[in-house]
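Derivation of every value follows stated rules applied to the coordinates shown; laboratory data play no part. Fair warning: this is a prediction, and the values are worked out from it, not measured in the lab. Note: ideal-geometry Cβ built from the backbone for every residue, glycine included; neighbour counts use all protein chains shown.
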Amino acid sequence: MAKGQFKIQKLMAVGTSNPIVAALTMGLDDIIQIANISKANKGIINTTNFNIVQNLTKAEKIGLRICGNINLVIDNLNKTGIQTQSCERCINLPSTDGLDDIREFLKYCKQSLQELVKIINLFCDTGCTNPRYDKISIKLREHYGENNPLFLLVKHDHDDWLKKLLDLRNADEHPENNIPTGKSLYYDFDINWSDENKKWIVEMPHFFERTSVYDVIKTSIHNILTFAEEINILLLEKHMPTMVQICKVPDDQQSRWGGRRYITQLKPPFYPKGEKSE
């Protein structure tokens with residue numbers, strides 16, 4: 001064998017023990033392979049889900065680091081209290097290491113959601129390539145109907161958290177159109193004296209519209225992961241063989257299935273005589 005005939009390259013620093021990797025790769029691959037769709041489309045779905053995994057794990061790594069640094073500041077404040085100088089006329093404000101990376105976090109979150117549009121367009125041409133889930137939900141309603149679970153999911157999540165997250169990224173990309181004059185995208189810790197409460201008030205890192213940086217990070221990764229996984233499932237279940245159904249695994253049984261939330265099984269009429277579905 002000639003030297004250099006094969007090459008091995010590490011693409012990610014995380015493996016299937018990471019819920020994002022497990023859910024969007026091995027957790028979906030079996031279902032994708034069973035679906036009655038072309039081999040080319042199966043390849044596109046798998047490749048796109050892998051791209052989502054790469055973006056989302058990058059966002060997760062950045063987000064966990066920022067949240068960890070916020071917690072370090074809080075722990076230090078709890079130990080030392082508010083530090084002041086010049087008879088409390090000057091306050092030593094703490095700062096969060098790496099808080100500037102929140103921009104990268106938002107970027108990778110948006111890229112994950114943008115990749116997902118490619119999968120949706122394989123089944124329903126929305127006319128969108130960007131993550132305009134407001135317009136996408138309208139197309140899904142026209143295509144599948146207003147009571148369809150896919151439309152209802154996209155509409156609900158857009159109104160609940162998607163729009164807020166994407167608005168923050170758009171504000172970073174186009175601050176002149178989205179951030180009020182004199183304001184910044186985000187702010188670090190701030191401390192002010194409250195005459196009403198007779199104590200120092202610590203303000204956590206937040207975005208210009210007052211949303212907590214910590215809360216956005218902690219909720220966004222989970223929200224994007226479950227949204228992407230459920231979009232895949234709702235699209236694929238329309239293309240399952242007649243005798244196969246996709247089932248959601250109860251939370252307390254997911255460890256039996258390698259952490260998978262969804263599996264395929266035969267529909268009850270197709271079970272061998274005497275067998276029951278679990």
Evaluate E = 1/(1 + (r/R0)^6) for ASN177 and THR129, where r is the Cβ-Cβ distance and R0 equals 22 Å; express this FRET efficiency to the nearest 0.05.
0.60
For the chain, compute Rh as the Kirkwood radius over C-alpha pairs and then the Stokes-Einstein diffusion coefficient at 4 °C and 1.567 mPa s; write the answer in µm²/s, rounded to an integer.
60
ASN147 to ASN92: extension gain in nm, 0.36 nm per residue of separation minus the Cα-Cα distance?
14.3 nm
Please list the helices of the chain that count as membrane-span-like by this rule: a mean Kyte-Doolittle hydropathy of at least 0.5 together with Cα atoms stretching 27 Å or more along the helix axis, each helix being a complete DSSP H run.
213-236
Counting every Cα pair in segment 71-163, what percent are over 15 Å apart?
71
Taking the Cβ-Cβ separation of TYR187 and THR80 as r and a Förster radius of 22 Å, what is the calculated FRET efficiency to the nearest 0.05?
0.50
222 nm mean residue ellipticity, helices alone, for the chain (DSSP H n ≥ 4; -39,500 (n - 2.57); rounded to 500):
-16500 deg cm²/dmol
